[in-house]
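The values are calculated or read from the model by the stated rules, or taken from the named source; none is laboratory data. All values derive from a computational prediction rather than experimental measurement. Here Cβ is always computed from backbone atoms with ideal geometry, including for glycine, and neighbour counts include all displayed protein chains.
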Amino acid sequence: MYATNRGWERTWTGAADPTVLIDAAGADLYEPAAMSEPHASSEALFTASEQQQFDKGIAELLSHYPPDRKSAAMLPALRLLQTLKGWLPPEGMKQVAQKLHTTVEKAYEVATFYVMFHTSPPGKYTIDVCTNLSCALRGAEGLLSYLEEKLGLRAGTKNERYFLRETECLASCGTAPCFQVNEDHHENLTKAKVDQILEKLA
Amino acid sequence: MSVLTEKVMMRDWARAGQNTLSVYKQHGGYAQAKKALELSPPQIIDEVKKSQLRGRGGAGFPTGLKWSFVPSIDKNPKPRYLAINADESEPGTAKDRFILENDPHLLLEGIAIACYALNAHTCYIYSRGEFKYPSSVLDKAIADAYADGIFGKKLLGKDFELNVYQVRGAGAYICGEETALLESLEGKKGWPRLKPPFPAVVGLFGCPTVVNNVETIAALPRIFEKGAQWFSDLGLGKSGGTRLVTLSGTVNQPGTYEVAMNTTMKELIFEKEYGNGLPEGRSVKAVIPGGSSAPVLTADELDVKLEFDAFKPLQSMAGSGGIIVMDDTTCMVRCLWRVARFYAEESCGQCTPCREGQPWMTRLLRKIEEGRGTEEDLETLTNVAQAIAPWPPIGLGNTICALGDAGALPVQSFVQKFKKDFLDHISLKRCPYGDKPWGALGEFR
């Protein structure tokens, strides 16, 4: 059985047939030795209660997939890590890879493909402004420059407090313009409404 | 005139607490699934075929036919999967989000029917990463359905196990493409797969998989409530039922509406119940009819009915129902630049024509918009688009998935239908609309 039907994703396993990743009993043959021992600094990453949440969360996620498809839980696992730590620290990536029986490189391959995953710490508040066509026709370009001026940031840059960036359509086309602050959705925006939202951010 | 008199999909959205299980059940919820589960799977598939239900995700493919491509269990004994595409991210489209927010159990009831028909014991709902609130409503709905014994070991008391999980994406438009969605569900980056084999034969984890849009599956309880014939009669031609469309851009009443298949574009934009026209003194210049990838229509082409096949003669498509209106003071080059930029940003990088071509077109458009363009640039622009996906007709793309086409079609149709706008930019060496390119409502207040 192939773990994937795409040639370039097969990984050398040490088994006789390089394409075999899973043996007849369904056990993973591919478990890198380096990662089977927990890293020394892993305790520093999570507090005890975070670690418990993480372990429990991952176990729950793995139960959603066939036992020989642990790496399928990658997206939800990365989301869990990011919910706990606010971003994806390298130490956490190692733990995710280990739990999902895959490599850190594969975890990063996924993490860097999706814009919602932060592989470096974002500001305290990530502000995603939709500037796609439907929003632009209702003033999104003005909204963006209003925010740039107010926060003293250019779109696409961050400081310790804010990460301001343009994003693509947020399915708020009939209620444009819109933005999301740390994934909280705000629509039908006006200058007054933006002021109000920003004031509430502690 | 054809304004839809009775809502079908949006019927219960206004009811308080409709997104909770108790209210949903009080008003006959899950009764349709119980009814459907008394039929045999082939009978259910026949009903769906008879209803003329077509996929609401963009392609308009007949749902019953799609289901019948799943091989029989003796030919392929692997488990079957149902994947629900809730990764709504085509610019201009905001309809699935409202189904999740307002009536999540309608989707779950549809899932119960579909999984039983397909003999699928696991369903993954792939919802968009940015949908924090809709996802939380759906999570609650799924948990309630489990607690009530609807899902789990015994689906609605029947000897059939069904597990439903929500998986949230993480911000990649490409994952709305069905095979990229499957890759993402398998925990990988969303790179579309070559077809064939189609997902119905080799899908999730190499098993037969059906991928359906939220609105498609949410229509199933209605079909079993009033009958396939009724649903088919509601529609027009080969398109059964009604449609949810999102009206946005320069109209007085933007929003998400339910329309009949024979409602025309003009009615949608101008009727009081829908868009209620444009701001005073303005007229329609251009309309994107089905999400930003659909070739643009001019003001002369608005008598088209909002049914799937009606757009074919216009070399455009009904797509995902995202309708974007631009008035006569809107700069077409600027609009197209926004659209092209989106596809450049969202190209997954797998196929060369798309990965290289989309950013190239975006740079050329920016050059023209800023008044630095030449007629040669305009020719290069259409050449690049033609190399990614020749048009017309739709569907000749040179890339693995349709994202290549999606980026090339708007470029070709905008340049062909609004060539004057482009030439004006070149001859004036600036944007003729100055610092107000966005039309009557384009200012942020």
Exactly one of B:L423, B:L403, B:L441, B:L381 is over 29 Å from the mean Cα position of the chain (by Cα), at negative phi and not assigned by TED's automatic domain parsing to the domain that holds B:G58, and that residue is B:L423
Just for the stretch A:43-59: of the residues that are touching a Gly at 6+ places or on another chain (Cβ under 9 Å) and in a helix (DSSP H, G or I), which one is modelled with the lowest pLDDT?
A:L45
Please verify whether the stretch B:71-81 includes one or more residues that are buried (at least 21 other Cβ atoms within 10 Å of the Cβ), in contact with a strand residue (DSSP E or B) (Cβ under 7 Å, 6 or more places away or on another chain) and away from chain A (no Cβ under 14 Å).
no
Which members of the stretch B:296-316 meet the condition of being in a loop (DSSP other than H, G, I, E, B) and either surrounded by fewer than 23 Cβ atoms within 10 Å (Cβ to Cβ) or touching a Pro at 6+ places or on another chain (Cβ under 7 Å) (or both)?
B:V296, B:L302, B:D303, B:V304, B:E307, B:Q315, B:S316
Taking the stretch A:62-81, which residues are more than 9 Å from every other protein chain (Cβ to nearest Cβ) and either touching a strand residue (DSSP E or B) at 6+ places or on another chain (Cβ under 6 Å) or surrounded by 15 or more Cβ atoms within 10 Å (Cβ to Cβ) (or both)?
A:L62, A:L80, A:L81
What tally of residues in the stretch A:95-112 results from selecting those that are surrounded by 21 or more Cβ atoms within 10 Å (Cβ to Cβ), within 14 Å of chain B (Cβ to nearest Cβ) and part of a helix (DSSP H, G or I)?
5
Condition broken by A:G92, with the remaining ones in (1) closer than 24 Å to A:L170 by Cα; (2) crowded, with 20+ Cβ neighbours inside 10 Å; (3) more than 11 Å from every other protein chain (Cβ to nearest Cβ) satisfied
(1)
If a residue has to be within 17 Å of B:T63 (Cα to Cα) and either within 14 Å of another protein chain (Cβ to nearest Cβ) or at pLDDT below 95 (or both) to count, how many in the stretch B:106-122 make the cut?
1
Name every residue in the stretch B:358-376 that is surrounded by fewer than 19 Cβ atoms within 10 Å (Cβ to Cβ) and touching a residue at least 40 places away in the same chain (Cβ under 8 Å), in order of residue number.
B:E370, B:G371, B:R372, B:T374, B:E375
Would you point out the residue of the stretch A:117-131, among those that are touching a helix residue (DSSP H, G or I) at 6+ places or on another chain (Cβ under 8 Å) and touching a residue at least 40 places away in the same chain (Cβ under 8 Å), that is farthest from the other protein chains (Cβ to nearest Cβ)?
A:I127
Residues of the stretch B:293-311 satisfying the condition of being under 20 Å from B:N252 (Cα atoms) and either touching an Asp or Glu at 6+ places or on another chain (Cβ under 7 Å) or among the acidic types (D, E) (or both)
B:D303
So which of B:K132, B:K153, B:K189 is over 20 Å from B:I99 (Cα atoms) and free of Cβ contacts under 8 Å to residues at least 40 places away in the same chain?
B:K153
Those residues that are facing chain A (nearest Cβ under 9 Å), in a helix (DSSP H, G or I) and farther than 19 Å from B:T93 by Cα, I need them from the stretch B:317-357; list them, please.
B:R334
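Residues checked against (1) more than 9 Å from chain A (Cβ to nearest Cβ); (2) surrounded by 24 or more Cβ atoms within 10 Å (Cβ to Cβ); (3) within 22 Å of the chain's Cα centre (by Cα); (4) at pLDDT 95 or above:
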site: B:D148; (1), (2), (3), (4): yes, no, no, yes
site: B:E161; (1), (2), (3), (4): yes, no, no, yes
site: B:C175; (1), (2), (3), (4): no, yes, yes, yes
site: B:L181; (1), (2), (3), (4): yes, yes, yes, yes
site: B:G187; (1), (2), (3), (4): no, no, no, yes
site: B:P192; (1), (2), (3), (4): yes, no, yes, yes
site: B:V202; (1), (2), (3), (4): no, no, no, yes
site: B:T209; (1), (2), (3), (4): yes, yes, yes, yes
Residue list for the stretch B:407-445, filter: aliphatic (A, V, I, L, M), out of contact with any strand residue (DSSP E or B) (no Cβ under 6 Å at 6 or more places or on another chain) and surrounded by 14 or more Cβ atoms within 10 Å (Cβ to Cβ)
B:A408, B:L409, B:V411, B:V415, B:L423, B:I426, B:L441
Confirm whether B:A170 is modelled with pLDDT of 95 or more, in a loop (DSSP other than H, G, I, E, B) and on the phi < 0 side of the Ramachandran plot.
yes
Quick check on my filter: what residues within the stretch B:253-276 are more than 14 Å from chain A (Cβ to nearest Cβ) and hydroxyl-bearing (S, T, Y)?
B:T263, B:T264
List the residue pairs whose Cβ atoms are under 6 Å apart, where the first residue sits in the stretch A:45-59 and is free of Cβ contacts under 8 Å to residues at least 24 places away in the same chain, the second is crowded, with 19+ Cβ neighbours inside 10 Å and part of a helix (DSSP H, G or I), and the two are 6 or more positions apart or on different chains.
A:G57/A:L80
Expected single match for within 12 Å of another protein chain (Cβ to nearest Cβ), more than 19 Å from the chain's Cα centre (by Cα), crowded, with 21+ Cβ neighbours inside 10 Å and at negative phi among B:T250, B:T246 is B:T250
Does B:P197 count as in contact with an Asp or Glu (Cβ under 6 Å, 6 or more places away or on another chain), assigned to a loop (DSSP other than H, G, I, E, B) and surrounded by fewer than 24 Cβ atoms within 10 Å (Cβ to Cβ)?
no
Answer yes or no as to whether B:P196 is away from chain A (no Cβ under 11 Å), within 30 Å of A:A107 (Cα to Cα) and not β-branched (V, I, T).
yes
